[in-house]
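Below you'll find the structure, written out as structure tokens, and then a few comments.
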Amino acid sequence: MPIVRVLAISGSLRAASLNSALLRAVVCLAPADIRVELYTGLNSLPLFNPDIEITDASPVADFHARLLEADGVIIASPEYAHGVTGVMKNALDWMVGSEAFVGKPVALLNASPRATIAQASLKETLTVMSAQVVEAASITLPIIGSHLDEHGIIADPSITTAIREALRAFRMEIVNCKA
């Protein structure tokens, strides 16, 4: 079976981010036929300016290239004031005029069952960008308030099972899209 390449993006810059911990756990739990790379460059992206080309800002060009190389994208982003985080929206704004998300399978992970408005907004933005949001791989996990770090997430059987099932569904969708 071919290896599927997935870019994982956290919409939080916090050092103790639950979303980042969740994605680090995903990296560890991914089966051998899925290679998950955690993208850590959102903090280096300049503020979106439509007068600047993607290729004119090296951090943006790098982000764009990584998205193009990936077979799929996993996004975990918190909700702030009923919205998508500024860094996540900024990153997506840079990609709106490009082909980076066109037809790209995307899984949305949510570390908080309360964060429904931002999740819906993120899904809408990605849909407008022609991404293929994979519902079977998009899951909400009860991590907020659990005091779990990435090791605790990996040690929790119910969370681990949900992540592995989501990854299997995501891989199946990616392979079907490429066929």
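The values are calculated or read from the model by the stated rules, or taken from the named source; none is laboratory data. What you see is a predicted model, and the numbers here were worked out from it, not measured in a lab. Using ideal geometry, Cβ is built from the backbone for each residue, glycine included, and neighbour counts are taken over all protein chains shown.
Apart from one condition, Asp93 fits all of (1) touching a Leu at 6+ places or on another chain (Cβ under 8 Å); (2) among the acidic types (Asp, Glu); (3) outside any strand (DSSP E or B); the exception is (1).
Only one of the numbered conditions (1) part of a helix (DSSP H, G or I); (2) farther than 29 Å from Ile52 by Cβ; (3) in contact with a strand residue (DSSP E or B) (Cβ under 6 Å, 6 or more places away or on another chain); (4) not aromatic (Phe, Trp, Tyr) is violated by Ser121, and that is (2). The set of residues from segment 40-73 being in contact (Cβ under 8 Å) with a residue 12 or more places away in the chain, touching a helix residue (DSSP H, G or I) at 6+ places or on another chain (Cβ under 6 Å) and part of a helix (DSSP H, G or I) comprises Leu42, Ser44, Ile54, Pro59, Val60, His64. Considering segment 77-120, and only residues there that are charged (D, E, K, R) and closer than 21 Å to Val6 by Cβ, the residue that is surrounded by the fewest Cβ atoms within 10 Å (Cβ to Cβ) turns out to be Glu99. Look at segment 24-39: where a residue is part of a helix (DSSP H, G or I) and a partner is small (Gly, Ala, Ser), sitting 6+ places away or on another chain with Cβ atoms under 7 Å, you get Val26/Ala8; Val27/Ala8. Remark: pairs (first residue in segment 164-179, under 15 Å from Leu7 (Cα atoms) and in contact (Cβ under 8 Å) with a residue 24 or more places away in the chain; second residue surrounded by fewer than 15 Cβ atoms within 10 Å (Cβ to Cβ) and of a type outside the set (A, V, I, L, M); Cβ separation under 9 Å; 6+ apart in sequence or on different chains) = Leu167/Pro31; Arg171/Pro31; Arg171/Asp33. When segment 38-76 is filtered for residues that are surrounded by 15 or more Cβ atoms within 10 Å (Cβ to Cβ) and at pLDDT below 95, the ones remaining, listed by number, are Ile54, Ala57. Just so you know, in segment 88-130 the residues that are polar (S, T, N, Q) and touching a helix residue (DSSP H, G or I) at 6+ places or on another chain (Cβ under 7 Å) include one that is modelled with the lowest pLDDT, and it is Asn110. Can you name the residue in segment 74-90 that is assigned to a helix (DSSP H, G or I) and within 28 Å of Lys178 (Cα to Cα) and is also nearest to the chain's Cα centre (by Cα) among such residues? Step by step, filter segment 74-90, then rank; the result is Met88.
Can you confirm whether segment 77-86 contains a residue that is among the aromatic types (Phe, Trp, Tyr) and out of contact with any Phe, Trp or Tyr (no Cβ under 9 Å at 6 or more places or on another chain)? The answer is yes; a qualifying residue exists.
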